[in-house]
Amino acid sequence: MALVDVVRWNAPKGVYAVKHPKKDLGTWTQLIVQETQEAMLMKEGRYFGPFGPGRHTLDTKNFPLLEKFIRIPFGGDTPFTAEVWFVNQSIALDVKWGTANPMQLKDPEYNIMLPVRAFGQFGVKITNSKKFLSKLVGTLPSFKAEDLRSYFKGMVLARTKDLVAEHIMHKKISILEISAYLSDVSELLEHALASEFEEFGFELIKFRVMSISAPEDDPAVVRLKEALAKKAEMDIIGYNYQQERSFEVMQAAAKNEGAGGQVMGAGMGAGMGLGMGAAVGGQMGNVMSQMNTATPPAAPGAPSPFGGGAPKVEFFVHLNGQQMGPYPMATLKQGADSGQFTGDTPVWRQGMGEWVPAKQVPELQSLFQSSGPPPFGGGGGGGPPPFTGS
């Protein structure tokens, strides 16, 4: 045995505590404790100390607590058995944490369950060596960074899940937008975890949440993002989901054969011409209303003032300054029989250069058996040249 034993420790990175291999210590042993370190002596399951930075001579005059370990008959020079623990009190800021499996949380805005992952890092400093050694280290020969992560992982993740869920529900924040609130969540978690770390002799420093996100390839996330992208497109264009569904229904109907498909096709053309948006909603609503009515579409032209009429059209008539028609021969025959349509009534049809009295048209001359005053009535339609007669 050397005349004077020297006990010291150069702490490597990532090691928080280590037990010195030498156990038989004699008086006058020199205990050297470096900056950012503390030393503790352990005898019969009890810790004595701490010894701060500097040189310490293990002598009963300086440390009366050693007296019980010394055999007085040998003049105080007898070796005694004790363990020396060195504790690294430097600040470690790179302790990483993260969720191995996603947490299932309900999104408060969209009311669906989404998987959420979170990770970050924090710093720690050992402020109570005795509490740290007795509650965490125990009989281990050393305590390293991986041991720290293993001990505190469950506690950190449990607190993270609870506080993140509480925060997003209280603040009504969507999980897809929670990244904008990482500073707030970090502060909440640091405050909540500080007391639990202190219980084991640690000071928690700068607890940081680096990311809270949902896996991009998760089916629920994919569907939600597709729906949000569609909603954004609708907002930009200016129509809503109901209008889009009506638009899709009309597209399908326009492809069908028959009158319904023709009407729908016409409505689609009008809608596309006017542009999407509120105009589409109005145009499509009118077309749908027409499709749902029980009355068939009216024949071209205004209603006949004479009553009745076949679907085939031929002549326009001019009564009391108003253009009316076109009307088929059967309708004009009814008007002539009732005296409302006379030979002096101006008429026009395709192929004629101008309006002429009906009696001058060969195919109409047989309709007039007598003449009477021209009738008055409503009318409409377009196509012939302006009437210039009196």
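Listed values, structure above:
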item: Selection within the range 335-356 - closer than 17 Å to GLU314 by Cβ, in contact with a Gly (Cβ under 6 Å, 6 or more places away or on another chain) and not hydrophobic (A, V, I, L, M, F, W, C); result: PRO346
item: Pick from the range 190-235, criterion modelled with pLDDT of 80 or more and among the β-branched types (Val, Ile, Thr), ranking: surrounded by the fewest Cβ atoms within 10 Å (Cβ to Cβ); result: VAL222
item: Residue satisfying condition, being farther than 20 Å from ALA11 by Cβ and touching a strand residue (DSSP E or B) at 6+ places or on another chain (Cβ under 9 Å), within set LYS125, LYS161; result: LYS161
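The values are calculated or read from the model by the stated rules, or taken from the named source; none is laboratory data. Everything numeric in this text was worked out from a predicted model, so none of it was measured. Backbone-built Cβ (ideal geometry, glycine too); neighbour counts: all protein chains shown.
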